[in-house]
Amino acid sequence: MMRAKQNLVFDLTGRTKLRVTGADRLRYLNGQISNDLRKATETKAIQACVLSAKGKIDAEIFITVEGEAFLLETEATAEALSARLERYIIADAVELEDVTDAWALFHVLGAEAPALGLEKKARSVTRFGEDGVDLWLARAVYEQARQKLAEVFSIATEADAEAWRIGRGLPRWGRELTDQIIPTEANLEASAIDYAKGCYIGQEVISRIKMSGQTNKRLCGFVTVDAGAAEPGMRLFTTDEAGKEVGWLTSVNRSGLRGQEIALGFVKRGFQTVGTRLQARAETGAEEALVEIAALPFV
């Protein structure tokens with residue numbers, strides 16, 4: 001279990017980073033993302049989604065300004081995101097460049113930008129459920145920066161980062177966020193969508209969901225209530241005689257605070273009430289666990 005210490009540092013250097021330049025970069029990019037690009041500055045990053053025409057997520061991204069360019073970073077691959085963005089560059093004066101290897105990137109949680117004695121760009125941004133600061137540094141000083149940060153803060157391991165985000169009910173690319181999920185289904189309305197901005201790819205679907213107030217499924221939290229072990233990918237069934245399939249699990253972690261497994265997953269509309277118990281079953285049928293829907297965030 002991750003140490004309950006604020007001012008954690010998350011090493012995001014391995015994430016994909018793209019640079020968008022050109023005279024049409026603002027107009028073009030704003031037509032591709034779910035948030036308002038005008039909110040991003042040299043000192044502030046924003047979260048957004050790149051969507052398909054059907055409103056499903058092609059990538060979750062964070063965007064900031066770097067001079068006459070925008071910097072995008074994501075857990076999606078550079079190839080996939082570049083291909084998706086280039087598909088809609090018709091006669092636009094826009095260029096995309098993969099700069100993943102040019103930058104080191106750290107996120108300091110709940111703190112102002114620390115003095116590292118190294119040249120850096122600091123951007124405020126909300127990640128992992130709390131305010132913090134992104135630190136962009138030249139990739140050449142990665143080891144120095146990591147060492148200096150470790151002298152002051154706790155650097156989260158991958159297991160730490162997973163425990164932190166699951167405990168706060170936050171979706172992640174490749175787990176909860178895939179090309180089969182609409183942002184509102186993953187509870188991204190407040191952080192990644194601006195309903196007042198201009199048109200963008202997938203907006204019609206997002207607007208329709210807002211007007212109806214309903215989604216077919218929704219990201220929920222779960223706790224285990226028996227000795228069974230929950231696992232990502234387990235399908236969820238009602239506990240009555242009908243045994244109707246109503247969802248699936250996506251991420252699982254054992255909570256030191258609760259002394260039980262906690263999980264994230266999607267549940268169909270009509271079965272999302274906190275306290276509802278569902279049977280989680282592996283596709284092989286060999287493993288089972290009884291889980292109960294819990295309010296998010298867990299902590």
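May I ask you to list the residues in the stretch 101-128 that are over 17 Å from T74 (Cα atoms), touching a residue at least 12 places away in the same chain (Cβ under 8 Å) and not in a strand (DSSP E or B)?
If the condition is that a residue be over 17 Å from T74 (Cα atoms), touching a residue at least 12 places away in the same chain (Cβ under 8 Å) and not in a strand (DSSP E or B), then G110, A111, E112, A113, P114, L116, G117, L118, E119, K120 are the ones that fit.
I'm told G132 meets every condition in (1) within 28 Å of V299 (Cα to Cα); (2) open to solvent by less than 10 Å² (accessible area, probe 1.4 Å); (3) touching a Lys or Arg at 6+ places or on another chain (Cβ under 7 Å) except one. Can you identify the failing condition by its number?
Among (1) within 28 Å of V299 (Cα to Cα); (2) open to solvent by less than 10 Å² (accessible area, probe 1.4 Å); (3) touching a Lys or Arg at 6+ places or on another chain (Cβ under 7 Å), the lone unmet condition for G132 is (3).
Out of the residues in the stretch 109-123 meeting the condition of being modelled with pLDDT under 95 and under 24 Å from D160 (Cα atoms), tell me which one is most open to solvent (accessible area, probe 1.4 Å).
E112
Residues of the stretch 12-59 being touching a helix residue (DSSP H, G or I) at 6+ places or on another chain (Cβ under 7 Å), closer than 17 Å to V99 by Cβ and hydrophobic (A, V, I, L, M, F, W, C), which ones?
Selection gives L18, V20, L29, A59.
Name the pairs whose Cβ atoms lie under 8 Å apart, with the first residue in the stretch 210-229 and closer than 25 Å to Q180 by Cα, the second of a type in the set (K, R), and 6 or more positions between them or separate chains?
Qualifying pairs under 8 Å: Q214/R269; T215/R269; N216/K268; N216/R269; K217/K268; K217/R269; R218/R269; V223/R258.
Going by what's in this entry, would A282 be described as without any contact (Cβ under 8 Å) to a residue 24 or more places away in the chain and open to solvent by 10 Å² or more (accessible area, probe 1.4 Å)?
Numbers: without any contact (Cβ under 8 Å) to a residue 24 or more places away in the chain: no; open to solvent by 10 Å² or more (accessible area, probe 1.4 Å): yes.
In short, no.
Right, D98: in contact (Cβ under 8 Å) with a residue 40 or more places away in the chain, of a type outside the set (S, T, Y) and out of contact with any strand residue (DSSP E or B) (no Cβ under 9 Å at 6 or more places or on another chain) or not?
On the way: in contact (Cβ under 8 Å) with a residue 40 or more places away in the chain: yes; of a type outside the set (S, T, Y): yes; out of contact with any strand residue (DSSP E or B) (no Cβ under 9 Å at 6 or more places or on another chain): no.
No: the conditions fail for D98.
More than 20 Å from the chain's Cα centre (by Cα) and buried (at least 21 other Cβ atoms within 10 Å of the Cβ), is that true of A196? Walk me through it before giving the result.
Values: more than 20 Å from the chain's Cα centre (by Cα): yes; buried (at least 21 other Cβ atoms within 10 Å of the Cβ): no.
Considered against the rule, which asks whether it is more than 20 Å from the chain's Cα centre (by Cα) and buried (at least 21 other Cβ atoms within 10 Å of the Cβ), A196 comes out as no.
So, restricting to helices (runs of 4 or more DSSP H) that lie completely within the stretch 148-241, which ones have at least 1 residues that are under 28 Å from L109 (Cβ atoms) and at pLDDT 95 or above?
Values: elements: 158-167, 189-192, 203-212.
Once the helices (runs of 4 or more DSSP H) in the stretch 148-241 are filtered for at least 1 residues that are under 28 Å from L109 (Cβ atoms) and at pLDDT 95 or above, what remains is 158-167, 189-192.
Within the stretch 49-93, work out how many residues are open to solvent by 20 Å² or more (accessible area, probe 1.4 Å), part of a loop (DSSP other than H, G, I, E, B), within 21 Å of G202 (Cα to Cα) and hydrophobic (A, V, I, L, M, F, W, C).
Counting residues in the stretch 49-93 that are open to solvent by 20 Å² or more (accessible area, probe 1.4 Å), part of a loop (DSSP other than H, G, I, E, B), within 21 Å of G202 (Cα to Cα) and hydrophobic (A, V, I, L, M, F, W, C) gives 4.
The values are calculated or read from the model by the stated rules, or taken from the named source; none is laboratory data. Predicted model, so just to flag it, every value in this text is computed and none were measured. In this analysis, Cβ positions are derived from the backbone assuming ideal geometry, glycine residues included, and neighbour counts consider all displayed protein chains. The protein model used for the area step is the full one, side chains on, heavy atoms only, and it has no ligands, DNA or RNA in it. Shrake-Rupley method; radii C 1.70, N 1.55, O 1.52, S 1.80 Å.
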